[in-house]
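The values are calculated or read from the model by the stated rules, or taken from the named source; none is laboratory data. Keep in mind it's a predicted model, so treat the numbers as computed, not measured. Counting neighbours? That spans all protein chains shown, and the Cβs are built from the backbone with ideal geometry, glycine included.
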Amino acid sequence: MGTKETIWRSEILHKAWQSKAFNQVPDSENEIHGDAIAQEFGFKGALVPGATVAAYLVHPVVEELGQEFLTRGAFSAKFLAPVYDDVDFRVETLKETEGGYSAELSQPGRQICASARINISPLDLEPPSLRGDGQGDLIAERRPATPEVMRDLQDQGCKAFEDIWQEQHQMGTYLQDPSLMAHPFYRDKFANPAFLIGMSNFVFASNAQMNPWILVEAHCQNFEALAESRKVLGEMEILTLFNRRGHEFADARINLFDASSGVCCSSIRLRAIYKVRSAKIL
């Protein structure tokens, strides 16, 4: 069960919230979320998805701001160390005097596993427009995610993909007990950050075959709450590609649209290791 405490320190609001981590996708195509492959690459066990960790980081702020976060909220999350399934975690959030919030997530016996900066954006911020990218075929065979293939996607463009937001979706909850999610997600049934970041991951990984791969950063700007049973369309572009210490990285922007209205609900920029070096990484 999640718990929270609030302490006023001069002009800074300090919130601490804790719960138990939940890996919703142990059988994911990305086998870093299963024990066998994760251990092969040097981890203790399956990794909780970065999309889920992002939801943990923003949970206390969503509890405070409610639906305003879903229409104007923005966050930049960095995933610094593994978060493991069924292990307690703690999120500490600071409401800073100059505006905005900072959050850090830790698990027992470990340093900070993830951090985020969170804020509310100006009312006049313009959302991205739908480009009309061609839609991909999930049945079609994907090319392996090599640097050459990723450069080709960067130059020639990526395919768009669709999914449907519903609470029965595998990313429909970020906690084992959905009733403990922030009210806009459980009570009002709007799409939660685990689904939205997870949708961007889905579009990213559907453009090339990659396994395993690891999300290391996610930057999200919300524009509109996504209501239940709405079809969502993701359009993607690759921004940069680079190699660091043997890992192949990609920065990509995925804009998520309500497929019926064409209105952008979230714009997400992610950084991922799409090809993990063969040696153990921890």
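May I ask you to verify whether PRO127 is surrounded by 12 or more Cβ atoms within 10 Å (Cβ to Cβ), in contact (Cβ under 8 Å) with a residue 60 or more places away in the chain and outside any helix (DSSP H, G or I)?
Working: surrounded by 12 or more Cβ atoms within 10 Å (Cβ to Cβ): yes; in contact (Cβ under 8 Å) with a residue 60 or more places away in the chain: yes; outside any helix (DSSP H, G or I): yes.
So PRO127 fits the description; yes.
Can you tell me which residue within the range 2-35, out of those that are outside any strand (DSSP E or B) and acidic (Asp, Glu), is modelled with the lowest pLDDT? Steps first, answer last, please.
Quick first cut of the range 2-35, residues outside any strand (DSSP E or B) only: 2, 10-11, 21-35.
After this cut, where a residue has to be acidic (Asp, Glu) as well, the list is 11, 27, 29, 31, 35.
Numbers: GLU11: 42, ASP27: 94, GLU29: 95, GLU31: 94, ASP35: 95.
Applying the filter and picking the extreme gives GLU11.
Report the residue count in the range 200-219 for those that are closer than 28 Å to ASP124 by Cβ and surrounded by 24 or more Cβ atoms within 10 Å (Cβ to Cβ). I'd like the intermediate steps shown before the answer.
Taking the range 200-219 first, the residues closer than 28 Å to ASP124 by Cβ are 200, 203, 217-219.
Checking which are surrounded by 24 or more Cβ atoms within 10 Å (Cβ to Cβ) leaves us with 200, 203, 218.
Result for the range 200-219: 3.
Is it the case that the range 60-68 has a residue that's in a strand (DSSP E or B) and in contact with a Lys or Arg (Cβ under 7 Å, 6 or more places away or on another chain)?
Applying the first criterion (in a strand (DSSP E or B)) to the range 60-68 yields none.
No, the range 60-68 contains no residue that is in a strand (DSSP E or B) and in contact with a Lys or Arg (Cβ under 7 Å, 6 or more places away or on another chain).
If only one of ALA51, ALA55, ALA77 is within 20 Å of ASN255 (Cα to Cα), in contact with a Pro (Cβ under 6 Å, 6 or more places away or on another chain) and crowded, with 17+ Cβ neighbours inside 10 Å, which one is it?
Details: ALA51 fails: in contact with a Pro (Cβ under 6 Å, 6 or more places away or on another chain); ALA77 fails: in contact with a Pro (Cβ under 6 Å, 6 or more places away or on another chain).
One residue alone meets the criteria, ALA55.
Yes or no: ASN222 over 24 Å from GLY136 (Cβ atoms), over 17 Å from the mean Cα position of the chain (by Cα) and modelled with pLDDT of 95 or more? Explain how you work it out, then say what you get.
Values: over 24 Å from GLY136 (Cβ atoms): yes; over 17 Å from the mean Cα position of the chain (by Cα): no; modelled with pLDDT of 95 or more: yes.
Spelling it out, it is not the case that ASN222 is over 24 Å from GLY136 (Cβ atoms), over 17 Å from the mean Cα position of the chain (by Cα) and modelled with pLDDT of 95 or more.
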